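Okay, structure first, notes after.
The values are calculated or read from the model by the stated rules, or taken from the named source; none is laboratory data. This one's a predicted model, so the numbers in the text were calculated from it and none came from an experiment. Here the Cβ is made from the backbone with ideal geometry for all residues, glycine too, and neighbour counts use every protein chain on show. Ligands, DNA and RNA are stripped out before the accessible areas are found, and what is left, the full protein with its side chains, is counted by its heavy atoms. Shrake-Rupley method; radii C 1.70, N 1.55, O 1.52, S 1.80 Å.
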There are 2 protein chains.
Amino acid sequence: MSAEPRLVEVRKNVLKQNDLIARGLRERFRQAGVFVVSLVSSPGSGKTAFLEKILTLLHARCRVAALVGDLATENDAERLARSKARVRQITTGTVCHLEAAMIQKALDDWDLTQLDFLFVENVGNLVCPSSYDLGENLRFVLLSVTEGEDKPLKYPAIFDSADVAIITKMDLAEAVEFNEQAANTNIQAVRPGMHVLKVSSKTGQGMDEFLDFLETQRNRSRAAIAV
Amino acid sequence: MSAEPRLVEVRKNVLKQNDLIARGLRERFRQAGVFVVSLVSSPGSGKTAFLEKILTLLHARCRVAALVGDLATENDAERLARSKARVRQITTGTVCHLEAAMIQKALDDWDLTQLDFLFVENVGNLVCPSSYDLGENLRFVLLSVTEGEDKPLKYPAIFDSADVAIITKMDLAEAVEFNEQAANTNIQAVRPGMHVLKVSSKTGQGMDEFLDFLETQRNRSRAAIAV
């Protein structure tokens, strides 16, 4: 792998460039008063179903919008549009993660002062998105009960880069003999003290608690800015 | 993203280098008479459980071994060791896919003439492994019933790079209301004519058919070499 050192060097430049753009985005979000939440997980963990549920519930009481990243299709944006929230798809082509520049470009013509919450759904990937700051206030990593309790140990960087873990598809926990204690132990091993929430987009389990948590985080962020 | 064109250029060099090493590996496998099969999927699709089942069933009747790629842990090698087959872990660190050079290094001290089948389990990732030839005879892409039927459309490159699709966790198909016809339609849309097998590592469903398929492919490959 003779080309590797050069690749590492170029990648560092890309990441540095990304961090600069992310910093600009974070400042723009702060000034606009919008609270930005990103979702990362492996493909099929239920990001889109969860986001559709969130948008549908929040749309009734505040101003919400979403950006959704995907390699090839606009399926997610079409699904999320059912929530009536504003949604824009970011099609990445062969790029396996979202970058701050893609968020910047997608939001170019948006008036962010008209939003309370902006959600960003990353490409399904438990590895590469961990390196890219998107300027978000909070990053949620999703882990579905069907994936196995060992995922935090096997993909530590993404759990470490996130602020909160969400265990999804709780309605299937019994069918797959999900071991909640093992999952929690593995999450805490990678990220001690990490907050963990459990939800089911199908039954609605845990959604009230999730929305309360989100509201509290947003209020804390606003209070911190006011101080 | 000013650094992108340079990144693309360096990545092309890495891929070219990878292809050269993969070509060498393929020739080494051919000369040794070992049939090499790789498995790719998203994290949690059941690659390791499926591979453990395969190794356990095949170990009784022929000479099998496996390489397993993972970012951080040796858990998979430990699980697979229960099959009694020879297993070596490749820990990739932050690299989100296996490369031919990693396979070459891991096999450095192996006498491949002592093997009938070698299995290679990639890092759980539905994007990046698609670009890296590992010198394998066959690449299987796994899709679990819990992930959603749309995954082939959302991650077309990986389905296109694979030879056969394996639908896993069939024992959960009813619980998650898996739509087999939709999954098949989406697979065929991305890769027309792709062979699809359905399995459950838990119940053993489809394993006989899978092993028959594997044996047939190996015999065809040997016949082609003999001609």
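Which count do you get for residues in region B:20-53 that are in contact with a strand residue (DSSP E or B) (Cβ under 6 Å, 6 or more places away or on another chain) and not hydrophobic (A, V, I, L, M, F, W, C)? Total satisfying the criteria: 5. Applying the condition of being in a loop (DSSP other than H, G, I, E, B) and either among the polar types (S, T, N, Q) or within 7 Å of chain B (Cβ to nearest Cβ) (or both) to region A:129-148 and asking which residue is nearest to A:Thr92 (Cα to Cα) yields A:Asn137.
Given the structure, is A:Arg139 open to solvent by 40 Å² or more (accessible area, probe 1.4 Å), closer than 29 Å to A:Arg11 by Cβ and at pLDDT 95 or above? Against the criterion (open to solvent by 40 Å² or more (accessible area, probe 1.4 Å), closer than 29 Å to A:Arg11 by Cβ and at pLDDT 95 or above), A:Arg139 does not qualify.
Of all the residues that make up region B:149-172, how many are in a loop (DSSP other than H, G, I, E, B) and open to solvent by 20 Å² or more (accessible area, probe 1.4 Å)?
Applying the first criterion (in a loop (DSSP other than H, G, I, E, B)) to region B:149-172 yields B:149-150, B:155, B:162-163, B:169.
Filter once more, so that each one left must be open to solvent by 20 Å² or more (accessible area, probe 1.4 Å): B:149-150, B:163, B:169.
Within region B:149-172, residues that are in a loop (DSSP other than H, G, I, E, B) and open to solvent by 20 Å² or more (accessible area, probe 1.4 Å) number 4.
A:Val145 fulfils the conditions (1) at pLDDT 95 or above; (2) within 16 Å of the chain's Cα centre (by Cα); (3) of a type outside the set (Lys, Arg) except for a single criterion, (2). Among the residues here, A:Arg86 qualifies as surrounded by 16 or more Cβ atoms within 10 Å (Cβ to Cβ) and more than 26 Å from A:Lys154 (Cβ to Cβ).
Answer yes if at least one residue in region A:116-128 is within 8 Å of chain B (Cβ to nearest Cβ), open to solvent by 20 Å² or more (accessible area, probe 1.4 Å), assigned to a helix (DSSP H, G or I) and under 17 Å from B:Leu71 (Cα atoms), and no otherwise.
So the first thing to find is which residues in region A:116-128 are within 8 Å of chain B (Cβ to nearest Cβ), and the list is A:123-128.
Checking which are open to solvent by 20 Å² or more (accessible area, probe 1.4 Å) leaves us with none.
There is no residue in region A:116-128 that is within 8 Å of chain B (Cβ to nearest Cβ), open to solvent by 20 Å² or more (accessible area, probe 1.4 Å), assigned to a helix (DSSP H, G or I) and under 17 Å from B:Leu71 (Cα atoms).
Specify which of the listed residues (B:Leu98, B:Leu80, B:Leu71, B:Leu55) is at pLDDT 95 or above and either surrounded by fewer than 22 Cβ atoms within 10 Å (Cβ to Cβ) or closer than 30 Å to A:Gly46 by Cα (or both).
Numbers: B:Leu80 fails: at pLDDT 95 or above; B:Leu71 fails: at pLDDT 95 or above; B:Leu55 fails: either surrounded by fewer than 22 Cβ atoms within 10 Å (Cβ to Cβ) or closer than 30 Å to A:Gly46 by Cα (or both).
Of B:Leu98, B:Leu80, B:Leu71, B:Leu55, the one residue that is at pLDDT 95 or above and either surrounded by fewer than 22 Cβ atoms within 10 Å (Cβ to Cβ) or closer than 30 Å to A:Gly46 by Cα (or both) is B:Leu98.
Screening A:Val95, A:Val40 for residues that are closer than 13 Å to A:Phe119 by Cα and more than 8 Å from every other protein chain (Cβ to nearest Cβ) leaves exactly one candidate, A:Val40.
Results for (1) closer than 24 Å to A:Cys62 by Cα; (2) out of contact with any Ser or Thr (no Cβ under 6 Å at 6 or more places or on another chain), shown as yes or no for each residue.
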position	(1), (2)
A:Glu136	yes, no
A:Val176	no, no
A:Thr185	no, yes
A:Ala189	no, yes
A:Gln205	yes, yes
A:Phe210	yes, yes
A:Ile225	yes, yes
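Taking the conditions (1) surrounded by fewer than 24 Cβ atoms within 10 Å (Cβ to Cβ); (2) within 14 Å of chain A (Cβ to nearest Cβ); (3) not in a loop (DSSP other than H, G, I, E, B) in turn, B:Val176 satisfies each one other than (3).
In region B:170-191 there is no residue that is within 13 Å of the chain's Cα centre (by Cα) and among the charged types (D, E, K, R).
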